[in-house]
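Structure record follows, encoded as structure tokens.
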Amino acid sequence: MRTVLSWGIVLLFVSVFVQASVASEVNQEPESEVVIITVDSTNLRFSPDTVTVTEGDTVRFFWSGQALPHNAVETNELFDSGDPQRDVDYSFTFEVGMNGTFDFVCEPHAAFGMVGQIIVEPAPMNQDNSTNNTNVTNSPDMDDKALPSLSIPFTLASLAVGACVQNRRIQ
Ligand SMILES: [Cu+2]
């Protein structure tokens, strides 16, 4: 009887560990984020004016009902939100391979210091895996994925234990 129970418990633990390692692999996939840059209350500054993102992330220039019309143009015209507007909703995604430092200006107000900088870091998968294990940014997401899948092996293991115990009683 003890052997049967131990076997069931071992099976249960193995299932849980296998699922946990699968879940942690899922969690290491790069998750793209959207970083919003707007205009602050002085009407002549981006807010924030410096952001650090990762390849795959999107920078969204977003403002509405501004007193002055603004735009956002990268110095080498990598991106350009178009003509200065009081309402702008313009997004640009930095694809993998586009890491670097990018300066941008609001054309009508660059002389007033309405400039900004985007630092794009290489995507995690381009880096050495052994130094990148701390890049866990979204644990709620991991819980969402891990919990439903954990229930399946858990149920199977419980059933196995139950079946073994019943067989034992019948004999
Ligand atoms: Cu401006």
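Any read-out appearing in this document is the output of simple, stated calculations on the displayed coordinates, not a laboratory observation. Since the structure is predicted, the reported quantities are computational estimates derived from the model, not experimental observations. FYI the Cβ positions are ideal-geometry reconstructions off the backbone, even for glycines, and counts take in every protein chain you see.
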Calculated SAXS-style log₁₀ I(q)/I(0) at q = 0.20, 0.25 Å⁻¹ - the range 34-130, Debye, Cα scatterers
-0.90, -1.33
Check residue 47: other-chain or 5+ apart residues with amide H under 5 Å from its amide H, H built from backbone geometry?
38, 39, 40
At residue 60 and residue 36, where each label point lies 7 Å from the Cα along Cα→Cβ, what is the point-to-point distance in nanometres?
0.7 nm
